[in-house]
Structures are given as structure tokens and as C-alpha cells.
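Working notes for the structure below.
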Amino acid sequence: MVPEFNLSLPYITDDLPGVGGRIRARIDDFVVEEISSIEPSGKGDHLYMSLTKESMTTREVQVQLAEIFHLRPQEIGMGGLKDKDARATQVFSLLFEVGKVEPKVAIKSVEKSIEVRVNWAKYHSVKFRAGHLVGNSFRVLISDIKVPRDEALDRSKRIANRIHQIGIPNFYGEQRMGRRGKNAKAGWNILHGEKSVGNRWLSRYLIAAYQSYLCNRYLTERVDRGIYDRLIPGDIIEDHETGERTHIENPKDLQERYINKEISFTAPMYGPKMARASGEAGALESEIFAESGLSNKLLKRNRVTGTRRRGRLTPRIEIKAKPRGIQLSFTLHKGGFATTLLQEFMKTSHGQH
């Protein structure tokens with residue numbers, strides 16, 4: 001039997017009124033661009049292409065690129081999935097082991113076949129992967145705001161100041177969960193053998209959505225129990241600059257670094273190979289896992305390995321008043337969802353952000 005899904009997520013600025021409004025009234029109200037750690041050298045078998053897309057999923061672009069150049073989708077590398085209803089710029093890499101295509105020719109072929117803009121194309125020696133992604137920069141307009149613009153600007157600045165102080169939980173957004181948790185529920189059914197999906201990529205994606213749901217549950221409990229704004233015994237922390245992860249028993253000496261946003265706790269993406277927290281942090285992890293009815297045996301059978309995820313985002317947010325609303329500009333660490341941050345400002349949803 002499918003367990004009850006709790007999709008509600010707390011606001012970290014719950015005591016500050018939002019501005020309402022909506023996002024994506026126009027496609028160019030939501031602009032996102034990848035920040036990569038890799039600069040293609042001009043040599044190698046992987047043709048890196050920076051594309052700007054609208055009204056298409058990343059997966060759709062990946063599949064169409066494969067069709068144009070007679071490649072398999074898995075030979076098309078990418079850093080992550082970008083919003084469909086946005087103007088999104090991201091890098092894809094195409095593996096040409098035989099019969100290399102000139103970058104200029106490739107650009108023409110793509111722009112003739114798909115409604116995208118190709119910004120540049122250059123060869124490199126390795127496939128482009130999620131590990132090459134540093135983060136994403138966003139420029140988002142909140143339109144149709146019901147409060148006066150000066151009031152909206154003041155409210156937005158108060159919310160931004162709070163986020164600058166303590167960050168926000170690194171929740172997965174509705175894009176991953178699916179509307180009313182549809183994707184996460186499908187993932188639960190696949191894991192328990194109650195649903196079968198022929199497409200391997202989609203099956204993995206839906207299972208990951210259920211992992212993401214459990215990660216959200218863990219982060220929600222940290223907020224609700226008053227242990228979001230500090231480290232606790234047994235946490236596995238991540239250094240924001242180096243990405244190095246360390247298991248800690250006594251967090252007292254590290255609280256100042258946490259407050260200064262140099263380090264954060266990490267949250268579980270459950271699986272048999274996931275590094276497990278201990279102490280108070282480990283007890284909470286185990287509690288969430290027990291509620292799910294999963295087992296490592298079941299996860300292993302479905303080839304789920306598990307990992308950890310940085311527990312909070314610490315963006316700097318620039319706010320501007322525009323004729324149609326309030327514009328927010330910010331950069332998020334890879335894997336962070338802009339909708340999680342935007343809901344803190346809008347407060348239009350009490351359920352899944």
C-alpha cells in the first residue's frame with residue numbers, strides 16, 4: 001500500500017509577508033544559465049554546444065540532438081535538467097568517435113532542425129557531466145503583484161536579508177516531485193514492483209523523484225524541530241569552497257563557520273552506498289527511512305546507490321523594481337531549485353513549492 005505523502009514544505013521566512021504574484025507569465029520572465037567549471041580546449045572527441053532553449057525539456061533536446069547526428073542519447077552529455085517553461089542556456093556534449101563534424105556545420109544542422117539558439121560549439125576531451133556544473137544563475141520576474149510596488153520592494157528586501165543571514169533549505173521543487181507528488185509516487189510504485197516503466201531513463205528519473213521526496217522530508221523535519229540553523233552531533237558536513245565532506249561528532253567548534261555560511265550539513269539521498277550520519281543526525285535519517293517502508297535490499301535491486309546533498313542554499317539576491325513587477329537575480333549551487341527560493345518571496349503555496 002502506498003504510504004501517505006506529505007508534500008508540504010515550510011517557509012524559512014514564515015513570519016515575513018510575501019508579495020504574491022506569479023512567475024512565467026512570459027517565457028522571458030524566467031531566465032536561467034549554467035555556470036560550468038570546464039573550458040573546452042578545442043581538441044577531443046566531444047563537441048560541446050551551448051544552446052539556449054525555450055518551451056522544451058532538456059531531455060527532449062538531448063533526444064533530438066541524438067537523432068540529428070545519429071548518436072545514442074547516452075552519447076549526449078549534459079550537466080542537469082533545466083526548466084521547460086523558461087529561457088534556459090546549457091551545455092550539451094556530443095561524442096563523435098568517428099567522422100567528426102565541423103563546429104560550424106554542427107551549429108547549422110542544429111539550428112535548422114530544432115528551435116534553439118546555438119551560442120558556441122567547441123571540441124573537448126571528456127564528456128560533459130553533472131560534476132562539471134558549479135551552479136546556475138537566474139533572473140526571474142515576479143509579475144501580477146497585488147500589493148503596491150514600494151511595499152512589494154520593501155517586503156522582498158526583508159525576505160532577502162533573512163535568506164542572506166541563514167540561507168534556505170535545499171528542497172527539491174515541484175519540477176522534480178511532479179504535480180501533487182505524481183513523480184515521487186510513481187517512483188515508490190516502481191521500487192515496490194507495483195509499476196513498470198519500459199523507458200530506463202524515465203524509470204531512474206521517477207525513482208530519483210522518490211529519493212528527492214525523502215530528502216525533502218528530512219529537511220522539513222530539521223526546520224520543524226528547530227535544528228536547521230545549526231549543526232548537530234553526527235552530521236556529515238560539506239565545505240562550500242572545496243566540496244569536501246566530513247563526519248563530525250562534536251559540532252560546537254564549527255558553529256561559527258556554519259553561521260558564516262562556509263559549511264553546511266548534508267541531507268540523505270537514500271541508498272546502500274550513501275555515507276550515513278551518526279548520533280542525532282543519524283537517528284533522524286533512520287526515522288525518515290523507516291517511515292518510507294524501504295530497505296537497502298530493495299534499493300539495491302533497483303540499482304539505486306544513494307548519495308548526499310548539501311542541506312541549504314546560501315545565495316546572494318539582487319532585487320529590482322520593474323514596470324511589470326519585482327525582478328530577482330541570484331545564483332544557486334548545482335541542484336538547487338529556483339522555485340524553492342521564489343516561494344519564500346511569493347508565499348502563494350502552502351503545499352509543494
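The values are calculated or read from the model by the stated rules, or taken from the named source; none is laboratory data. Because the structure is a prediction, the values reported are computed rather than measured. Cβ coordinates were reconstructed from backbone atoms using ideal geometry, including for glycine residues, and neighbour counts include every protein chain displayed.
Observations, loosely collected:
- Of residues in region 152-174 being in a helix (DSSP H, G or I) and β-branched (Val, Ile, Thr), the one modelled with the lowest pLDDT: ILE166
- The set of residues from region 51-106 being of a type in the set (Ser, Thr, Tyr) and in contact with an Asp or Glu (Cβ under 6 Å, 6 or more places away or on another chain) comprises just one member, THR89.
- Note on region 264-353: enclosed helices (runs of 4 or more DSSP H) holding 2 or more residues that are over 20 Å from the mean Cα position of the chain (by Cα) and assigned by TED's automatic domain parsing to the domain that holds ARG245 are 279-292, 296-301.
- Any hit, region 139-151, residues being more than 23 Å from GLU34 (Cβ to Cβ), among the basic types (Lys, Arg) and not in a helix (DSSP H, G or I): yes
- Region 238-270, subset farther than 19 Å from PHE171 by Cβ and of a type in the set (A, V, I, L, M, F, W, C), residue surrounded by the fewest Cβ atoms within 10 Å (Cβ to Cβ): ILE259
- Residue in region 160-178 that is in the same structural domain as MET269 (by TED's automatic domain parsing), surrounded by fewer than 22 Cβ atoms within 10 Å (Cβ to Cβ), among the hydrophobic types (A, V, I, L, M, F, W, C) and closer than 30 Å to ILE76 by Cβ present: no
- If the condition is being within 21 Å of SER37 (Cβ to Cβ), touching a residue at least 60 places away in the same chain (Cβ under 8 Å) and either in a strand (DSSP E or B) or assigned by TED's automatic domain parsing to the domain that holds GLU174 (or both), then region 76-122 contributes ASN119, TRP120, ALA121, LYS122.
- Matching residues in region 241-290 - criterion: being at pLDDT 95 or above and hydroxyl-bearing (Ser, Thr, Tyr): THR246, TYR258, SER264, THR266, TYR270, SER278, SER286
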